[in-house]
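For reference, the structure is listed below as structure tokens.
The values are calculated or read from the model by the stated rules, or taken from the named source; none is laboratory data. All values reported here derive from a predicted model rather than from experimental measurement. We place every Cβ from the backbone using ideal geometry, glycine too, and count neighbours over all the protein chains shown.
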Amino acid sequence: MSPVPGILYAANWKMHLGPVGAAEYVARFLARVPASPGRDLWFFPPAVSLAAVAAAFRGRPDVLVGAQDAHWEPKGAFTGAVSMPMVAEAGARAVLVGHSERRHVFGETDAETGRKVRAALEQGLLPLLCVGEKLAERDAGRTAAVVVRQLEAALAGVGADGLGHLVVAYEPVWAIGTGRNAQPADAAAVHAVIRDWLAARGAPADLRVLYGGSVKAENVVALLAAPGVDGVLVGGASLDPEGWADIVGSS
Ligand code: PEP
């Protein structure tokens, strides 16, 4: 990573790209994207592809590989799950926590996000905590209340030291995978709420807050120019290596 936090481009591949396809992706991406100061590139492949992606990016200090999810227990009878120590062993240095698909498709609770954040920090992984409101909550004027509730639950018991190892992503649920992104001014307003909440708890001023939700080549520059937006978390538009190379080259 950059010594001073740079713009962070995070790619969430969701349930795409197994180990073979992931290695091909990285080769095509590397052919187009040299390391650049002031820019960090994080990739979140499926768990089965972590080791292949970490190996393919070896020698690129601007790249960090992370897991899309991991259980809070280090081991045990949790069929189908992977633990923080396991993903770390496979090459992950970060982990997504509380992605809206974990919350709203798999039923992850606020309390579970808290257990995952604490387990990640104990393992030495950087949690990338996702928060964001659903459309009905936005329409009811409850965006700030929802985001603060999610922060309080996920970061209960996490002190200033832990907050120093955290990245937050504001991802309005209604914008994820829908093609409809938040307007830069709306994102900036929610980022300010998140920053104020974190600052009141002793978070470092350089803690990065990303925006996610239908980011693409056409809107990335405007979203990154919004006050308080330190980077982007991108799903669909990160799946094509050439397209993603163009997006990360846009700053
Ligand atoms: C995401 O998965 O975090 C995301 C923002 O997806 P998309 O870019 O496809 O909206």
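State all residues of segment 36-58 that are among the small types (Gly, Ala, Ser) and modelled with pLDDT of 95 or more; if no residue qualifies, say none. Give the steps one after another, and end with the answer.
From segment 36-58, those among the small types (Gly, Ala, Ser) are 36, 38, 47, 49, 51-52, 54-56; that's our starting set.
Within segment 36-58, Ala47, Ser49, Ala51, Ala52, Ala54, Ala55, Ala56 qualify.
For the condition within 15 Å of the ligand (Cβ to nearest atom) and either in contact with a helix residue (DSSP H, G or I) (Cβ under 8 Å, 6 or more places away or on another chain) or charged (D, E, K, R) (or both), what is the one hit in Val248, Val215?
Selected residue: Val215, the only one of Val248, Val215 that is within 15 Å of the ligand (Cβ to nearest atom) and either in contact with a helix residue (DSSP H, G or I) (Cβ under 8 Å, 6 or more places away or on another chain) or charged (D, E, K, R) (or both).
Are any residues in segment 218-242 outside any loop (DSSP other than H, G, I, E, B), within 13 Å of the ligand (Cβ to nearest atom) and either among the hydroxyl-bearing types (Ser, Thr, Tyr) or crowded, with 19+ Cβ neighbours inside 10 Å (or both), and if so, which ones?
The first filter runs over segment 218-242 and keeps only residues outside any loop (DSSP other than H, G, I, E, B), leaving 220-224, 231-234, 236-238, 241-242.
Checking which are within 13 Å of the ligand (Cβ to nearest atom) leaves us with 220, 223, 231-234, 236-238.
Result: Val220, Leu223, Gly231, Val232, Leu233, Val234, Ala237, Ser238.
Among what's in segment 155-203 and is within 17 Å of Gly124 (Cα to Cα) and among the hydrophobic types (A, V, I, L, M, F, W, C), pick the residue that is surrounded by the fewest Cβ atoms within 10 Å (Cβ to Cβ).
If we take residues in segment 155-203 being within 17 Å of Gly124 (Cα to Cα) and among the hydrophobic types (A, V, I, L, M, F, W, C), then Ala160 is surrounded by the fewest Cβ atoms within 10 Å (Cβ to Cβ).
Among the residues of segment 27-51, which ones are outside any helix (DSSP H, G or I), out of contact with any Gly (no Cβ under 9 Å at 6 or more places or on another chain) and surrounded by fewer than 23 Cβ atoms within 10 Å (Cβ to Cβ)? Spell out the reasoning first.
Taking segment 27-51 and keeping what is outside any helix (DSSP H, G or I), we get 31-46.
Next, only the ones that are out of contact with any Gly (no Cβ under 9 Å at 6 or more places or on another chain) stay: 31, 34-35, 41.
The answer is Ala31, Pro34, Ala35.
Tell me, please, whether a residue that is buried (at least 18 other Cβ atoms within 10 Å of the Cβ), of a type in the set (A, V, I, L, M, F, W, C) and within 16 Å of the ligand (Cβ to nearest atom) can be found in segment 68-85. Even if it seems obvious, please write down each step before you answer.
Step one: list which residues in segment 68-85 are buried (at least 18 other Cβ atoms within 10 Å of the Cβ), which gives 68-72, 82-84.
If we keep only those that are of a type in the set (A, V, I, L, M, F, W, C) as well, we get 70, 72, 82, 84.
Imposing the further condition that a residue be within 16 Å of the ligand (Cβ to nearest atom) reduces the set to none.
No, because not a single residue in segment 68-85 is buried (at least 18 other Cβ atoms within 10 Å of the Cβ), of a type in the set (A, V, I, L, M, F, W, C) and within 16 Å of the ligand (Cβ to nearest atom).
It is to be established whether one or more residues within segment 190-209 are within 13 Å of the ligand (Cβ to nearest atom), modelled with pLDDT of 95 or more and either aromatic (Phe, Trp, Tyr) or out of contact with any Gly (no Cβ under 6 Å at 6 or more places or on another chain) (or both).
No.
Consider Val95 carefully, then state whether it is within 30 Å of Glu137 (Cβ to Cβ), aliphatic (A, V, I, L, M), within 16 Å of the ligand (Cβ to nearest atom) and touching a helix residue (DSSP H, G or I) at 6+ places or on another chain (Cβ under 7 Å).
Working: within 30 Å of Glu137 (Cβ to Cβ): yes; aliphatic (A, V, I, L, M): yes; within 16 Å of the ligand (Cβ to nearest atom): yes; touching a helix residue (DSSP H, G or I) at 6+ places or on another chain (Cβ under 7 Å): yes.
Answer is yes for this residue.
Leu121 is checked against (1) within 14 Å of the chain's Cα centre (by Cα); (2) in a helix (DSSP H, G or I) and fails just one. What number does that condition carry?
Failed condition: (1).
Examine segment 52-69 for a residue that is part of a loop (DSSP other than H, G, I, E, B) and among the basic types (Lys, Arg), and state whether such a residue exists.
Scanning segment 52-69, I find at least one residue that is part of a loop (DSSP other than H, G, I, E, B) and among the basic types (Lys, Arg), so the answer is yes.
Select from segment 131-179 the residues that are part of a loop (DSSP other than H, G, I, E, B), out of contact with any Pro (no Cβ under 9 Å at 6 or more places or on another chain) and within 16 Å of the ligand (Cβ to nearest atom) and write down the one among them that is farthest from Trp13 (Cα to Cα).
Taking the candidates together, the pick is Pro172.
State yes or no: is Ala56 closer than 24 Å to Gly213 by Cβ and surrounded by 15 or more Cβ atoms within 10 Å (Cβ to Cβ)?
It is false that Ala56 is closer than 24 Å to Gly213 by Cβ and surrounded by 15 or more Cβ atoms within 10 Å (Cβ to Cβ).
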